[in-house]
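Colleague: Quick one: the structure is below, and I'll ask about it shortly.
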Amino acid sequence: KSMLSNPEQRPDVVHLHTAADWSWWRKRRFALLAHASGCKVVVHIHSGKFDRWLKDSKSKRATSYRYFVEKLEAKTVVLSHEWKDRLNPMIGPTHVIYNPIPNELRGDGQMRDAHHLLLMGRNDVVKGHEFAVQVANGLVDEFPNLKLTMTGVGHSNQTWIDARGWVNENEKKKLLQTASILLVPSAFEGQPLVVLESLACGLPVIASDQVLTGVLPVEKIRYQDIEAWQNAIRHTFNSPNKDPVHLEESVAEYRIKQVSQEWLELYNS
């Protein structure tokens with residue numbers, strides 16, 4: 001409120017990131033304050049379940065959102081064309097701007113570890129850490145050198161699990177450049193940045209069919225189907241034919257240089 005009441009500090013655009021449910025109700029207050037002070041408002045939806053929360057186009061939540069955006073003349077941004085197709089009928093027109101990845105993030109051309117699974121995410125049941133352990137546990141006898149590296153959890157009693165907890169950017173980059181497969185067994189995701197970063201490094205990705213990845217070269221497996229996940233991992237281990245250059249090129253339009261230009265155009269509009 002102090003910033004908005006000061007002509008020298010008042011922003012031209014207030015850009016709000018929001019998930020579903022209470023995240024939206026909290027951010028809505030900022031949007032109202034910004035609009036009342038003459039600022040333009042951008043609502044950036046990054047939730048992986050915003051459509052589930054709205055339920056349908058006739059729901060009270062969807063109707064309320066449409067009325068709110070029209071009243072404020074706000075612009076709504078979603079993470080992919082899949083989300084645009086899902087949300088436009090519920091909340092009205094949206095703009096697609098991808099999550100950005102660094103221009104310099106790429107593979108290093110070195111040989112990858114042979115049987116190294118990677119899961120990167122916070123310690124939340126939605127991310128599927130326990131499921132990944134169950135999947136990998138069924139493959140240890142077949143692949144004695146198998147290793148499962150996980151962030152978000154800091155301890156494990158299994159010698160083949162490398163529980164990293166929190167990792168810095170350099171550690172993350174090294175993992176993306178040396179692992180064999182990234183696992184994304186999540187219950188839902190908006191547009192997981194780690195998938196984009198993995199492809200940028202030439203790392204093959206196997207993801208839950210609940211994760212929206214558009215036309216990206218990601219192998220999608222039925223959510224929580226242990227046998228199907230094991231078969232997919234087994235096939236990738238035995239037939240490592242993914243072209244790392246193709247994977248890197250698949251995310252060219254997600255590079256921050258292009259994405260930042262798209263944001264500039266939206267802000268100027």
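The values are calculated or read from the model by the stated rules, or taken from the named source; none is laboratory data. A quick note: this is a predicted structure, and the numbers were derived from the prediction, not measured. When we count neighbours, we look across all protein chains shown, and the Cβ atoms used for this are built from the backbone with ideal geometry, even at glycine. We work out accessible area using only protein heavy atoms, side chains counted, and drop any ligands, DNA or RNA first. Shrake-Rupley method; radii C 1.70, N 1.55, O 1.52, S 1.80 Å.
Colleague: Kindly establish whether GLU169 is in contact (Cβ under 8 Å) with a residue 24 or more places away in the chain, acidic (Asp, Glu) and out of contact with any Leu (no Cβ under 8 Å at 6 or more places or on another chain). Even if it seems obvious, please write down each step before you answer.
Modeller: Numbers: in contact (Cβ under 8 Å) with a residue 24 or more places away in the chain: no; acidic (Asp, Glu): yes; out of contact with any Leu (no Cβ under 8 Å at 6 or more places or on another chain): yes.
Here the answer is no, as GLU169 does not meet what is asked.
Colleague: Moving to a separate point now. Only one of SER64, SER37 is at pLDDT 95 or above, surrounded by fewer than 17 Cβ atoms within 10 Å (Cβ to Cβ) and out of contact with any Leu (no Cβ under 9 Å at 6 or more places or on another chain); which? Spell out how you get there, then give the answer.
Modeller: Values: SER37 fails: out of contact with any Leu (no Cβ under 9 Å at 6 or more places or on another chain).
So the residue among SER64, SER37 that is at pLDDT 95 or above, surrounded by fewer than 17 Cβ atoms within 10 Å (Cβ to Cβ) and out of contact with any Leu (no Cβ under 9 Å at 6 or more places or on another chain) is SER64.
Colleague: The conditions are (1) over 18 Å from LEU203 (Cα atoms); (2) open to solvent by less than 20 Å² (accessible area, probe 1.4 Å); (3) within 21 Å of the chain's Cα centre (by Cα); (4) of a type in the set (A, V, I, L, M), and LEU148 fails exactly one of them. Which is it?
Modeller: LEU148 satisfies every listed condition except (1).
Colleague: Can you tell me which of (1) over 28 Å from VAL259 (Cα atoms); (2) buried (at least 16 other Cβ atoms within 10 Å of the Cβ) is the one ALA31 doesn't meet?
Modeller: (1)
Colleague: Filter the range 92-142 down to residues that are in contact with a Pro (Cβ under 7 Å, 6 or more places away or on another chain) and within 25 Å of VAL251 (Cα to Cα) and give me whichever is most open to solvent (accessible area, probe 1.4 Å). First the steps, then the outcome.
Modeller: We begin by selecting, within the range 92-142, every residue in contact with a Pro (Cβ under 7 Å, 6 or more places away or on another chain); these are 107, 128, 131-132.
Right, trim to within 25 Å of VAL251 (Cα to Cα) and you get 107, 128.
Numbers: GLY107: 28, GLY128: 8 Å².
Only one residue tops the list, namely GLY107.
Colleague: Under 20 Å from GLY109 (Cα atoms), free of Cβ contacts under 8 Å to residues at least 60 places away in the same chain and of a type in the set (A, V, I, L, M, F, W, C): which single residue out of VAL194, VAL245 fits that description? So that I can check it myself, show each step before the final result.
Modeller: Working: VAL194 fails: free of Cβ contacts under 8 Å to residues at least 60 places away in the same chain.
VAL245 is the lone residue from the list that is under 20 Å from GLY109 (Cα atoms), free of Cβ contacts under 8 Å to residues at least 60 places away in the same chain and of a type in the set (A, V, I, L, M, F, W, C).
Colleague: Need the failing condition index for SER23 against (1) at pLDDT 95 or above; (2) out of contact with any strand residue (DSSP E or B) (no Cβ under 9 Å at 6 or more places or on another chain), just the number.
Modeller: It fails just one condition, (2).
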